[in-house]
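Everything below concerns the one structure shown next.
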């Protein structure tokens with residue numbers, strides 16, 4: 001086993017040791033933030049696969065996350081809960097008595113979402129660029145309309161309540177690490193190189209004999225699977241879901257994460273997820289009343305988003321390709337940096 005693989009495995013072990021420590025010493029509020037970071041890390045990495053690595057300007061995440069959330073929630077709710085919840089229109093019989101544990105529900109949620117992504121890929125990849133963005137944006141809006149109107153399946157605008165709080169820090173980060181490993185393996189494989197060729201010049205990739213449609217479909221389906229699982233985790237974290245939750249704002253958050261981190265960089269996605277999710281929470285302090293040099297400044301609701309937006313503008317001005325650009329963290333580069341510093345000191 002190479003030195004890089006050993007260090008990567010040790011890093012993963014360190015992550016889980018940190019999670020174990022946090023689960024015993026952090027308060028519930030901090031733990032909820034770390035759980036959210038884990039979910040958004042998986043969602044951001046999967047979104048970056050299709051948008052950054054494959055170069056397809058897709059705006060579908062809120063639709064896929066919604067599908068995964070509803071599928072996982074419906075599967076884990078008990079028949080008694082469903083009977084009590086669907087007061088306007090009874091649930092369809094083939095779902096009413098369906099009940100299973102959390103893990104298989106997450107897998108099925110991911111597979112159902114991946115299948116929807118597979119079907120959607122056929123019309124979606126007939127177009128490129130801005131047209132692709134419009135088509136996938138329309139898909140996300142359509143899913144919300146469907147969720148509102150299929151009352152016998154989704155309970156319509158009333159949504160689903162009383163979902164079991166199965167999601168914890170171990171589920172979130174276990175899936176996040178698994179998703180990162182799988183996606184990085186894809187990126188570093190021949191499929192990943194083909195995706196990058198399509199991103200850089202699709203016409204040239206076609207001329208080289210790359211089947212661009214199926215390469216894009218692979219990225220789309222893999223992203224859909226993990227976004228579906230992320231939706232299931234999210235549903236069992238907040239325990240209540242409704243169509244109003246899955247707006248374009250969710251896609252916009254993920255778009256911020258992958259752009260700030262660097263399109264095509266999974267390392268950048270990880271750093272940007274920490275910055276966006278933790279940063280937005282830490283900035284709540286600017287909404288509290290403060291005394292600065294004897295001057296009293298009253299609390300201004302919403303000020304944290306103004307400061308957060310300014311920070312994003314600064315990052316984009318000084319790092320136009322994001323924090324990492326298209327580069328990835330490398331142990332070799334880190335060791336070479338230390339070697340250069342030692343040589344300079346001598």
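The values are calculated or read from the model by the stated rules, or taken from the named source; none is laboratory data. Remember, predicted model here, so these are calculated numbers, not experimental data. All Cβ positions, even for glycine, are placed from backbone atoms using ideal geometry, and neighbour counts span all protein chains on display.
Of everything in segment 148-157, what is surrounded by fewer than 17 Cβ atoms within 10 Å (Cβ to Cβ) and either under 23 Å from the mean Cα position of the chain (by Cα) or more than 20 Å from residue 63 (Cβ to Cβ) (or both)? Give them in sequence order.
Once the filter is applied, which keeps residues that are surrounded by fewer than 17 Cβ atoms within 10 Å (Cβ to Cβ) and either under 23 Å from the mean Cα position of the chain (by Cα) or more than 20 Å from residue 63 (Cβ to Cβ) (or both), segment 148-157 yields only 152.
Any chance you could count how many residues in segment 250-308 are at pLDDT below 80, outside any helix (DSSP H, G or I) and surrounded by 15 or more Cβ atoms within 10 Å (Cβ to Cβ)?
Of the residues in segment 250-308, 0 are at pLDDT below 80, outside any helix (DSSP H, G or I) and surrounded by 15 or more Cβ atoms within 10 Å (Cβ to Cβ).
Picking from 322, 231, which residue would you name as being outside any helix (DSSP H, G or I) and either over 30 Å from residue 106 (Cβ atoms) or out of contact with any strand residue (DSSP E or B) (no Cβ under 7 Å at 6 or more places or on another chain) (or both)?
Numbers: 231 fails: outside any helix (DSSP H, G or I).
Criteria check complete, one pass: 322.
Report, ordered by the first and then the second residue, all pairs with beta carbons closer than 6 Å, sequence separation of six or more or different chains, a first member in segment 235-252 that is farther than 11 Å from residue 163 by Cβ, and a second member that is part of a loop (DSSP other than H, G, I, E, B).
Between residues of segment 235-252 that are farther than 11 Å from residue 163 by Cβ and residues that are part of a loop (DSSP other than H, G, I, E, B), the close pairs are 242/159; 251/59.
For residue 139, indicate whether it is modelled with pLDDT under 95, out of contact with any strand residue (DSSP E or B) (no Cβ under 8 Å at 6 or more places or on another chain) and either surrounded by fewer than 15 Cβ atoms within 10 Å (Cβ to Cβ) or assigned to a helix (DSSP H, G or I) (or both). If you could, list the steps in order and put the result at the bottom.
On the way: modelled with pLDDT under 95: yes; out of contact with any strand residue (DSSP E or B) (no Cβ under 8 Å at 6 or more places or on another chain): yes; either surrounded by fewer than 15 Cβ atoms within 10 Å (Cβ to Cβ) or assigned to a helix (DSSP H, G or I) (or both): yes.
In short, yes.
Filter segment 19-45 for residues that are in a helix (DSSP H, G or I) and either loosely packed, with under 14 Cβ neighbours inside 10 Å or touching a strand residue (DSSP E or B) at 6+ places or on another chain (Cβ under 7 Å) (or both) and give the result.
Taking segment 19-45 as the starting set, the residues that turn out to be in a helix (DSSP H, G or I) are 19-25, 28-45.
Result: 20, 21, 23, 24, 25, 28, 29, 30.
If residue 225 satisfies every condition in (1) surrounded by 14 or more Cβ atoms within 10 Å (Cβ to Cβ); (2) in contact with a helix residue (DSSP H, G or I) (Cβ under 7 Å, 6 or more places away or on another chain); (3) modelled with pLDDT under 95 but one, which is the exception?
Residue 225 satisfies every listed condition except (3).
Any idea which of 194, 147, 205 is within 19 Å of residue 46 (Cβ to Cβ), touching a helix residue (DSSP H, G or I) at 6+ places or on another chain (Cβ under 7 Å) and in a helix (DSSP H, G or I)? Please lay out each step first, then the result.
Working: 147 fails: within 19 Å of residue 46 (Cβ to Cβ); 205 fails: within 19 Å of residue 46 (Cβ to Cβ).
Matching residue, one of 194, 147, 205: 194.
Could you check, for segment 175-198, whether at least one of its residues is touching a strand residue (DSSP E or B) at 6+ places or on another chain (Cβ under 8 Å) and either more than 22 Å from residue 268 (Cα to Cα) or surrounded by 14 or more Cβ atoms within 10 Å (Cβ to Cβ) (or both)?
The initial filter retains those residues of segment 175-198 that are touching a strand residue (DSSP E or B) at 6+ places or on another chain (Cβ under 8 Å), namely none.
Taking every residue of segment 175-198 in turn, none turns out to be touching a strand residue (DSSP E or B) at 6+ places or on another chain (Cβ under 8 Å) and either more than 22 Å from residue 268 (Cα to Cα) or surrounded by 14 or more Cβ atoms within 10 Å (Cβ to Cβ) (or both).
Does residue 56 satisfy the criteria of being out of contact with any helix residue (DSSP H, G or I) (no Cβ under 6 Å at 6 or more places or on another chain) and at pLDDT below 95?
Working: out of contact with any helix residue (DSSP H, G or I) (no Cβ under 6 Å at 6 or more places or on another chain): no; at pLDDT below 95: yes.
No; evaluated as a whole, the condition is false for this residue.
If you scan segment 296-318, which residues turn out to be free of Cβ contacts under 8 Å to residues at least 12 places away in the same chain and farther than 12 Å from residue 276 by Cα?
296, 297, 298, 306, 310, 313, 314, 317, 318
If we only count helices (runs of 4 or more DSSP H) wholly inside segment 46-112, which ones have 1 or more residues that are out of contact with any strand residue (DSSP E or B) (no Cβ under 6 Å at 6 or more places or on another chain), more than 15 Å from residue 255 (Cβ to Cβ) and without any contact (Cβ under 8 Å) to a residue 12 or more places away in the chain? Lay out the reasoning, then the answer.
Working: elements: 61-76, 79-85, 93-96.
Of the helices (runs of 4 or more DSSP H) lying wholly inside segment 46-112, those with at least 1 residues that are out of contact with any strand residue (DSSP E or B) (no Cβ under 6 Å at 6 or more places or on another chain), more than 15 Å from residue 255 (Cβ to Cβ) and without any contact (Cβ under 8 Å) to a residue 12 or more places away in the chain span 79-85, 93-96.
Specify the residue that is nearest to residue 220 (Cα to Cα); the eligible residues are those in segment 121-133 that are over 19 Å from the mean Cα position of the chain (by Cα), touching a residue at least 12 places away in the same chain (Cβ under 8 Å) and assigned to a helix (DSSP H, G or I). Give the steps one after another, and end with the answer.
The first filter runs over segment 121-133 and keeps only residues over 19 Å from the mean Cα position of the chain (by Cα), leaving 121-132.
Subsequent filtering for residues that are touching a residue at least 12 places away in the same chain (Cβ under 8 Å) retains 121, 123-125, 128-130, 132.
Adding the requirement that they be assigned to a helix (DSSP H, G or I) leaves 121, 123-124, 129-130, 132.
Details: 121: 7, 123: 13, 124: 10, 129: 15, 130: 17, 132: 12 Å.
This residue is 121.
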